[in-house]
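So the structure is just underneath, and the comments pick up after that.
Just so it is clear, none of the values below were taken in a lab; they were calculated from the coordinates. None of these values were measured; they are calculated from a predicted model. Glycine gets a Cβ as well: all are built from the backbone with ideal geometry, and neighbour counts include every protein chain shown.
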Amino acid sequence: MTGPALIFDKPNAYIGQSTPRADTNRLLEGRGRFVDDIQLPRMLHAAFLRSPYAHAEIRGLDTSAAKAAPGVVRVLTGADLEGVVEPYVGVLTHLKGLRSAPQMPLAVDRARWQGEPLAMVLARSRAEAEDAAALIEADLDPIPAACDAETALDPDAPVIHPEFGSNLAWERLVDVGDVDAAFARDDVQVVSRTLRFGRHTGVTLETRAAVAEYDPSEDRLTFHYSGQAPHMMQFIFAKHLGLAEENVRVVANDVGGSFGIKIHTYGDEVATAAAAKLLGRPVKFVADRYESFLSDIHARDHVVEARMAVDKAGKIVALDFDDLTGIGPYSMYPRTSAIEANQVLNLTGAPYDLENYRARGRVVFQNKNMMCQYRAVGHPIAMAICDGLLEDAAAKIGMDVVEMRRVNLMRDDSYPRASASGMKLDDLSHQKALNVLVETMGYDALRAEQAELRARGVYRGIGFVSMVEVTNPSPMFYGIGGAPIASQDGATVRLDAGGGLRVSSSVTEQGQGTNAILAQIAAGVFGVPIERVTVTTGDTDTVPYGGGTWASRGAGIGGEAMLQAAHALKEQVLEVAAVMLQSDAATLDIQNGSVVDGSGARMTLSDLARTVYYRGNELPSDLKPELIATRHYRVTDFPFVFTNGAMAAHVEVDTETGLVKVLNFWAVEDCGRVINPKLVDEQVRGGVVQGIGGALYEECIYSEDGQLMNATMADYLVPMAVEMPDIVVRHVETPTKTSVLGAKGAGEAGTGGAPAAVMNAVNDALRPLGATLWQMPMTPERILKALGKV
Amino acid sequence: MKPADFRYARPATLDEALTLMAGEGEIAALAGGQSLMPMMNFRIAQPEVLVDLNAVADLAGVTEMDGTVRIGAMTRYSDLARHDVLARLPLVARALPHVAHPSIRNRGTLGGSLALADPAAELPAVALALGAKVHLASTHGTRSVAADDFFQGLYETDRAEDELVTAIDLPAATAQETYGFHEVARRHGDYAMAGVALTRRDDGLRIAFFSVSDRPVRAKAAETVLRDDPTKLDLAIEALDEIDFTGDLNGGPDMKRHLAGVVLRRAWAEVLA
Ligand SMILES: Cc1cc2nc3c(=O)[nH]c(=O)nc-3n(C[C@H](O)[C@H](O)[C@H](O)COP(=O)(O)OP(=O)(O)OC[C@H]3O[C@@H](n4cnc5c(N)ncnc54)[C@H](O)[C@@H]3O)c2cc1C
């Protein structure tokens, strides 16, 4: 793509600099504006009675005592919302065959997971609402539950939605080349493993929260929420609460972390909006930590049977696997819970030159909390399958794991091309990234040290991953399947009379620094000091229409729209300046808040803007100045813009306690143009930490009858600073040709890649002891079992 | 996550506190609140009356007499950690940094830890290993119980419902005394997956495990083995079969059994060093 080429080299370009974030002071000084900070007149507080059982018939809910409790204004049950909320179904047409049942915000007749909301109490305070919720007499009849995804398809398993006849939600098969023939070759070695990935969840610092206001005089709903996709929610509330779309305003102000948790339709949040509409009073719902564990979407939950055939030279000849994933009792609305399995099928083996590839994915219903898209959707599974087996095979044929990657990685000069699963790939740098990684970590010295320590009974391991990350998605991701999820985003840039820029964008900020990079791009491309830029995001009433934040698209798509808008405004301003200065626009530029030419500053932007806004009489009457510009951008030629990376983990396993210490972690990442190196590094580091969490610590532990056993921060182990290694981040920059900015996403690589690297490192440490482990998280107990010590 | 309704009292003296504890209904003492408040917020605990001990001056403080250190029940972990007396309580000094995180140690109290009797807590096991004495008081009078008799089951102690833990007596370390402590935890500050505290004095050896059973437990058979022959560690580890191992989220009884051996081996190395 061609465009304004010089924007990256200007004096105040900002792009490429670690400019401090504008919102840091505000947040650190306690001036954040989170949902729970909102206090409205006549506001009620909601608390939910949630199902204590994984599966139960609802015989009756006696709410009389609750209604009579102090401070209570209303108690709503599923039946009360019938006719108020149109049920929703989480399917997409491009995921052929995917089925899910209609869902209501509060369960009707049957509860299908522990934590499903059954009734809602609205009271003067949250404490009073909770007191009253405890007074609801729920006549529940527990019925057999299908909790374990691995047995949910058995013929005798309880069927969660009887109308479907089985618990299968979706199935897909990818079959490329001749897999059977490849495995049958007599010159190949085969490794096969069963990999298990536990459930974990996002654990956002700010829990999910909503304040809904309804104004009956205008039939207008305002929904303040802690979330990622305001326009999507606007559509959903309009459709399911029977409101005109323009009468729904969704506002996401400061958001304390999302990780994909806050991009779905949650019953408690829909009920909050419905209650505000029914009562004509503002309603606040803030999930407490216990509710978060029970109801925020969970992630992963896969069992994969996988095998790989390699020849003597270490070339991967075929990869074959069967992935089974449990998604809870419904497919989440509107993104569906089949995307993760779809990604696993699409992404596995994508870094490698692979001809014979077969993958089956099955998505099953079960009586557990719902599973859906969480940071790095499907990636950790896909990377662990291929890179796990690759290192396993390397051990089997006695080849170094780096060497084996060098044999198999797609060549950097081989793009554009496609992966075995048919993904279009361009501008990737696997070979270069691996080279930078090996050099950065001092690979040979580490191997030597490893051998020396092994002789002394110290078990260290080194593990790698070469990975791709799906970023900057086109409409092929969701829009094509009928979901109200925009893949395009817009940006508006306005020059104000004081010479400052007011910009707005449809991508959103949840702590990752989107607003900061939007300001950098606007300031740099247009030509003002960054302090003069004010950014607005997250308000459907004011920002352009767009998709919000997901799939690492904020910088690549939202950023490009901002670049285009800032560039357009610059041309508009220079046109006016050329008239006012009686010179040729081509000789003018904007720098540091002034219009300049070869001889220096000619006029400040505020002089220009004030003339336009206040003293139009000084301008020729045929000049029609526009000091505002809006541009939209979407990816067109590719379904996704892939990034790549290479990472390595260095661990030490205590073979007596089963504890794993991550000693070092290195990540080499190619996210195209780096707009703010510090922000990208922190995205990578945060992602790696989350990946280490999935590999070693985090797991939603369920009892056999579907009770979540560790729904507290003491028992659900998030990775903490003391246990984390230094994470060294390096960049290879291969800008994408799909945009002028050239930025791809960087938000999910760490989470997607780190688990495979850690798993490989642990297995590298264990292998001399004759043990391997293919289950995440790799807990001390599982490691000791693998070692045969327990 | 809001507690159920409760009444709240903040007595200024021990007598007032004991009178309140003797009242009608379900009554709970509030010490550091680091365990009680979460339990109340989860509504696992729903006391009708909360007797806040934080203003009762008689319950805090450390005194020393005739080789015995008396620590008031309301003494916070972090106050103890900074106290000179720790020089005479080397085992306590070893254990304290493993109790939760600094912010929790700033509020949490020794008395709270003993009264709660969490099987995974460090200090109850340390109390066992040191042969501590727990002082109790109620409106009926005062009494003291040996740590060996105090811990009776999962969150169960010899304390009667209307009694308060007032203090704990610990023997000051002698010059000949050696001690060992080891625990393994998933993350720094977590409750241990398994741990052991032990002391070796002229008059004997005491080994106390935590986070392996439903309560802190002595390993008496292992004590006998090692007292007779300090080199018979393998035999002592075999003798740990005497313990009634119970699992938790970190692992089943087998895992606890295995880790008990590991921590004993590591703590014993400290003793011998
Ligand atoms: C995240 C987290 C991690 C933790 N990790 C650890 C750990 O690693 N190791 C560890 O040992 N502990 C740990 N704890 C627990 C902490 O040490 C507790 O605070 C402590 O054990 C209880 O002390 P407290 O003063 O807070 O008691 P409270 O919470 O106030 O009370 C606990 C119980 O004891 C009763 N009680 C308190 N004082 C008295 C008294 N004087 N007489 C009679 N009854 C009384 C109360 O009624 C209540 O039932 C952790 C806590 C948290 C929140």
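Would it be correct to say that A:ARG281 is among the basic types (Lys, Arg), over 25 Å from the mean Cα position of the chain (by Cα) and surrounded by fewer than 24 Cβ atoms within 10 Å (Cβ to Cβ)?
Numbers: among the basic types (Lys, Arg): yes; over 25 Å from the mean Cα position of the chain (by Cα): yes; surrounded by fewer than 24 Cβ atoms within 10 Å (Cβ to Cβ): yes.
Here the answer is yes, as A:ARG281 does meet what is asked.
The set of residues from region B:63-85 being more than 13 Å from the ligand (Cβ to nearest atom), assigned to a loop (DSSP other than H, G, I, E, B) and either under 16 Å from B:SER113 (Cβ atoms) or in contact with a strand residue (DSSP E or B) (Cβ under 9 Å, 6 or more places away or on another chain) (or both) comprises B:GLY67, B:HIS83. Residues that are crowded, with 18+ Cβ neighbours inside 10 Å and within 10 Å of the ligand (Cβ to nearest atom) within region B:139-161 comprise B:THR157, B:ARG159, listed in sequence order. Within region B:12-39, the set of residues being in contact with a strand residue (DSSP E or B) (Cβ under 9 Å, 6 or more places away or on another chain), more than 13 Å from the ligand (Cβ to nearest atom) and part of a helix (DSSP H, G or I) comprises B:GLU16 only. Scanning region B:227-246 for residues that are of a type outside the set (A, V, I, L, M, F, W, C) and assigned to a helix (DSSP H, G or I) yields B:ARG227, B:ASP228, B:ASP234, B:GLU238, B:ASP241, B:GLU242. A count restricted to region B:215-249 and to residues that are buried (at least 17 other Cβ atoms within 10 Å of the Cβ) and either in contact with a Pro (Cβ under 7 Å, 6 or more places away or on another chain) or charged (D, E, K, R) (or both) stands at 6.
Which condition breaks for A:LYS661 when tested against (1) assigned to a strand (DSSP E or B); (2) more than 16 Å from A:ILE783 (Cβ to Cβ); (3) not acidic (Asp, Glu)? The number of the failed condition is (2). If I filter region A:493-543 down to residues being under 25 Å from the mean Cα position of the chain (by Cα) and part of a strand (DSSP E or B), which single residue comes out as surrounded by the most Cβ atoms within 10 Å (Cβ to Cβ)? Filtering region A:493-543 for residues that are under 25 Å from the mean Cα position of the chain (by Cα) and part of a strand (DSSP E or B), the one surrounded by the most Cβ atoms within 10 Å (Cβ to Cβ) comes out as A:SER505. Residues of region A:771-787 that are more than 7 Å from chain B (Cβ to nearest Cβ) and not small (Gly, Ala, Ser): A:THR772, A:LEU773, A:TRP774, A:GLN775, A:MET776, A:PRO777, A:MET778, A:THR779, A:ARG782, A:ILE783, A:LYS785, A:LEU787. Against the test of being closer than 23 Å to B:VAL263 by Cβ and free of Cβ contacts under 8 Å to residues at least 24 places away in the same chain, the options B:ASP203, B:ASP190 yield a single qualifying residue, B:ASP190.
Please go through region B:172-202 and give me each residue that is within 16 Å of B:LEU249 (Cα to Cα) and either β-branched (Val, Ile, Thr) or facing another protein chain (nearest Cβ under 9 Å) (or both), ordered by number. The answer is B:VAL184, B:ALA185, B:ARG186, B:ARG187, B:ASP190, B:TYR191, B:MET193, B:ALA194. The single condition among (1) touching a strand residue (DSSP E or B) at 6+ places or on another chain (Cβ under 6 Å); (2) among the aliphatic types (A, V, I, L, M); (3) under 27 Å from B:LEU154 (Cβ atoms) that B:VAL271 does not meet is (3). Counting only strands (runs of 3 or more DSSP E) that sit completely within region A:253-360, those holding 2 or more residues that are within 28 Å of A:SER429 (Cβ to Cβ) correspond to A:298-310, A:316-326. Quick one: would you say A:VAL790 is within 12 Å of chain B (Cβ to nearest Cβ) and in a loop (DSSP other than H, G, I, E, B)? Yes: the conditions hold for A:VAL790.
When the residues of region B:40-62 are filtered to those that are more than 12 Å from the ligand (Cβ to nearest atom) and part of a helix (DSSP H, G or I), the one that is nearest to the other protein chains (Cβ to nearest Cβ) is B:ALA55. Among all positions in region B:86-95, there is at least one residue which is crowded, with 19+ Cβ neighbours inside 10 Å and near the ligand (Cβ under 10 Å from one of its atoms).
For region A:77-188, give me every one of the strands (runs of 3 or more DSSP E) that falls completely inside it and has 3 or more residues that are within 19 Å of A:VAL363 (Cβ to Cβ).
On the way: elements: A:117-123, A:137-142, A:168-176.
By residue number, A:168-176.
In region B:162-173, the residues that are within 16 Å of the ligand (Cβ to nearest atom) never reach a residue that is in a strand (DSSP E or B) and aromatic (Phe, Trp, Tyr) with C-beta atoms less than 9 angstrom apart, at least six apart or across chains. Among (1) more than 14 Å from chain B (Cβ to nearest Cβ); (2) crowded, with 19+ Cβ neighbours inside 10 Å; (3) over 27 Å from A:THR772 (Cβ atoms), which single condition is A:LEU619 missing? Every listed condition holds for A:LEU619 apart from (2). For region A:59-75, the set of residues classified as under 28 Å from A:ILE143 (Cα atoms), out of contact with any helix residue (DSSP H, G or I) (no Cβ under 6 Å at 6 or more places or on another chain) and in a strand (DSSP E or B) consists of A:ARG59, A:GLY60, A:LEU61, A:ASP62, listed by residue number.
Yes/no matrix, rows are residues, columns are (1) β-branched (Val, Ile, Thr); (2) not in a helix (DSSP H, G or I):
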| position | (1), (2) |
| --- | --- |
| A:ARG406 | no, no |
| A:SER421 | no, yes |
| A:VAL468 | yes, yes |
| A:GLY490 | no, yes |
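So which residues in region A:706-740 are more than 12 Å from every other protein chain (Cβ to nearest Cβ) and outside any loop (DSSP other than H, G, I, E, B), if there are any at all? Write out each step before concluding.
First, pick out the residues of region A:706-740 that are more than 12 Å from every other protein chain (Cβ to nearest Cβ): A:706-707, A:725-740.
Answer for region A:706-740, where residues must be more than 12 Å from every other protein chain (Cβ to nearest Cβ) and outside any loop (DSSP other than H, G, I, E, B): A:ASP726, A:ILE727, A:VAL728, A:VAL729, A:ARG730, A:HIS731.
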